[in-house]
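The values are calculated or read from the model by the stated rules, or taken from the named source; none is laboratory data. Predicted model only: the values in this text are computed from it and were never measured. Positions of Cβ are backbone-derived with ideal geometry, glycine not excepted, and every protein chain shown enters the neighbour counts. To get the accessible areas, we keep the full protein, side chains included, count just its heavy atoms, and leave off ligands, DNA and RNA. Shrake-Rupley method; radii C 1.70, N 1.55, O 1.52, S 1.80 Å.
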Amino acid sequence: MAIDPRHPHESFLGFWREYHMCTLTTPRPDGTPHVVAVGVTYDPEGGAKGIARVITNKNSRKVANVLAAGPEGAPVAVCQVDKGRWATLEGRATVRTDPAAVADAVARYAERYGRTPSPNPDRVVIEIALTRAMGRA
């Protein structure tokens, strides 16, 4: 079921506020999918169509995959599933390293997941400018 990522219905948005681990799928340089478990936050009011954020280490494979796609970013998807409920957010991912963006993403993560991650000087944010949302929540 297609959903406007900027104006999701309340049950879809509520599902993204619950504690669920997610997957992030990024394209490897050879085009094959790289799928990993991550924590994701969803901000439908950010950007033109909403933003999803993933905090991670700058040396991770997912960051390398996004950077390898070039300055326009990589096409990615984040997904979460809970029994019969599911949600997917798709968009273009870029890597943000500025301290304000990282601090904002950490605060959003702490709010959703109920814990503040340990300090990490190598932390960056994969920021996904959303283009599509779908699900049944």
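Numbers for the structure displayed
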quantity	calculated
Filtered residues of region 9-20 (kept if touching a residue at least 60 places away in the same chain (Cβ under 8 Å) and open to solvent by 40 Å² or more (accessible area, probe 1.4 Å))	SER11, ARG17, GLU18, TYR19
Among (1) closer than 24 Å to GLY135 by Cα; (2) part of a strand (DSSP E or B), the one test that VAL95 misses	(1)
Where a residue in region 22-50 is without any contact (Cβ under 8 Å) to a residue 24 or more places away in the chain and its partner, wherever it lies, is assigned to a strand (DSSP E or B), with Cβ under 7 Å and at least six apart	PRO33/THR25; PRO33/PRO27; VAL35/THR23; VAL35/THR25; ALA37/THR23
Any hit, region 3-21, residues being under 19 Å from ALA110 (Cβ atoms) and in contact with a Cys (Cβ under 6 Å, 6 or more places away or on another chain)	no
In region 60-81, the residues that are assigned to a strand (DSSP E or B) and in contact with a His (Cβ under 6 Å, 6 or more places away or on another chain)	GLN80
Top-ranked residue of region 5-28 - restricted to ones that are in contact with a strand residue (DSSP E or B) (Cβ under 9 Å, 6 or more places away or on another chain) and assigned to a helix (DSSP H, G or I), ranked as nearest to ARG61 (Cα to Cα)	TRP16
Members of region 71-89 found to be on the phi > 0 side of the Ramachandran plot and open to solvent by less than 30 Å² (accessible area, probe 1.4 Å), listed by number	GLY73
Residue among THR23, THR32, THR41 that is polar (S, T, N, Q) and buried (at least 17 other Cβ atoms within 10 Å of the Cβ)	THR41
Every residue from region 112-133 that is open to solvent by 20 Å² or more (accessible area, probe 1.4 Å), touching a residue at least 24 places away in the same chain (Cβ under 8 Å) and not in a strand (DSSP E or B)	ARG112, GLY114, ASN120, ASP122
Residue among ARG92, ARG108 that alone is under 18 Å from THR23 (Cα atoms), under 11 Å from the mean Cα position of the chain (by Cα), of a type outside the set (Gly, Ala, Ser) and open to solvent by 70 Å² or more (accessible area, probe 1.4 Å)	ARG92
